[in-house]
1. Just one of THR80, THR32 is buried (at least 19 other Cβ atoms within 10 Å of the Cβ), more than 22 Å from LEU187 (Cα to Cα) and in contact with a strand residue (DSSP E or B) (Cβ under 9 Å, 6 or more places away or on another chain); which is it?
2. Restricting segment 35-68 to residues that are within 25 Å of GLY89 (Cα to Cα) and within 7 Å of ligand 1 (Cβ to nearest atom), which is surrounded by the most Cβ atoms within 10 Å (Cβ to Cβ)?
3. I'm told LEU158 meets every condition in (1) closer than 29 Å to LEU231 by Cβ; (2) in a loop (DSSP other than H, G, I, E, B) except one. Can you identify the failing condition by its number?
4. Could you list, in sequence order, the residues of segment 69-89 that are under 13 Å from the mean Cα position of the chain (by Cα), more than 23 Å from LEU210 (Cβ to Cβ) and near ligand 1 (Cβ under 8 Å from one of its atoms)?
5. Return the residues of segment 18-34 that are in a loop (DSSP other than H, G, I, E, B) and near ligand 1 (Cβ under 9 Å from one of its atoms); say none if nothing qualifies.
6. In segment 78-98, what residues are part of a loop (DSSP other than H, G, I, E, B) and within 13 Å of ligand 2 (Cβ to nearest atom)?
Amino acid sequence: MTVVTALNDAPTKDTRSDAETTAVTLSGVGKTFGSGANAVTALREINLKVRPGEFVCLLGASGCGKSTLLNLVAGLDRPTTGAIELGTGSPSFMFQEPALLPWLDAGRNVELPLRLGGVGRGDRRRRARELLELVRLDGQAGKRPHELSGGMRQRVALARALAHATQPGSVDSRVDSRVDSGADSGLLLMDEPFAALDAITRDVLQGELLRVWRATGTTVLFVTHDVREALRLAQRVVLLSSRPGTVVGEWSTVGPDDPTGRDELHDEITGRLREVISRHAA
Ligand SMILES: Nc1ncnc2c1ncn2[C@@H]1O[C@H](COP(=O)(O)OP(=O)(O)OP(=O)(O)O)[C@@H](O)[C@H]1O
Ligand SMILES: [Mg+2]
């Protein structure tokens, strides 16, 4: 179990019982950047639980703190207030921009988490090839990032996140107790990963992501500002207000397989999103 607390907090008590039933728990999480007159409060009093294996979309307007929230869950930064508990090992992260290593070709970028995880050369090369095929980049393994288009780079980044999320042993020793309790493994954090792609590629990759999610039982926390994308993917949509971001609405869907009622939900959520944005602008 990983517990990240605010910088000023005393060491946390053991909350193991909670971590056994939740993959991610945010309790009163706030984040302020800077101090004094220059302080920017990005997030305020976020309370959110994600169950193991659940697919949750975080929805919110530009600048409301979505990336900040995901960075905190990833452990890349620390909250100013509150605490974050992970019931999984180190999460896999897919950033808003594809963060590939420019000196490695596409195949070796995908292999990287496997290499760090101690997977042998032959196995990881085979796995990287499979994942590149999955994201429709067959035959591109030898290309370096600058030789690929933006959308192709983002697909390499998706393949790499999947390599990390689906590798055997991606759940580290800290979660042995959870594995014993039958909870699912892995946490995939995705920050608008498909925003820069054309509609057809986005549709294909959304489908692939759902397939991988179903096959692996990975928990997914997916950030988007696109209501339609949220409804296509999520079992639960969580709406954040404009900055400082806090949870202002939550909807459960019947799941990504069943489009029943999706149009009504789309209109309702879009309406709420508009309200939240106009309240901020007023
Ligand atoms: N490192 C930082 N230092 C100072 N301010 C920051 C930092 N990171 C984010 N912010 C501020 O926090 C707020 C939330 O930013 P964040 O990137 O989380 O928004 P977002 O919801 O991801 O937006 P978008 O949809 O445009 O990606 C913004 O006002 C931003 O300027
Ligand atoms: Mg962002």
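1. THR80
2. GLY65
3. Just one mismatch for LEU158, condition (2).
4. ASN71
5. Within segment 18-34, just GLY34 meets the criteria.
6. The answer is PHE95, GLN96, GLU97.
One line per residue, one yes/no per condition, for (1) farther than 27 Å from GLY87 by Cβ; (2) at pLDDT 95 or above; (3) within 16 Å of ligand 1 (Cβ to nearest atom):
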residue: THR219; (1), (2), (3): no, no, no
residue: VAL248; (1), (2), (3): no, no, yes
residue: SER252; (1), (2), (3): no, no, no
residue: PRO256; (1), (2), (3): no, no, no
residue: PRO259; (1), (2), (3): yes, no, no
residue: ARG262; (1), (2), (3): yes, no, no
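The values are calculated or read from the model by the stated rules, or taken from the named source; none is laboratory data. Model, not experiment: these values are computed from the prediction. Cβ atoms come from the backbone with ideal geometry, glycine included; neighbour counts cover every protein chain shown.
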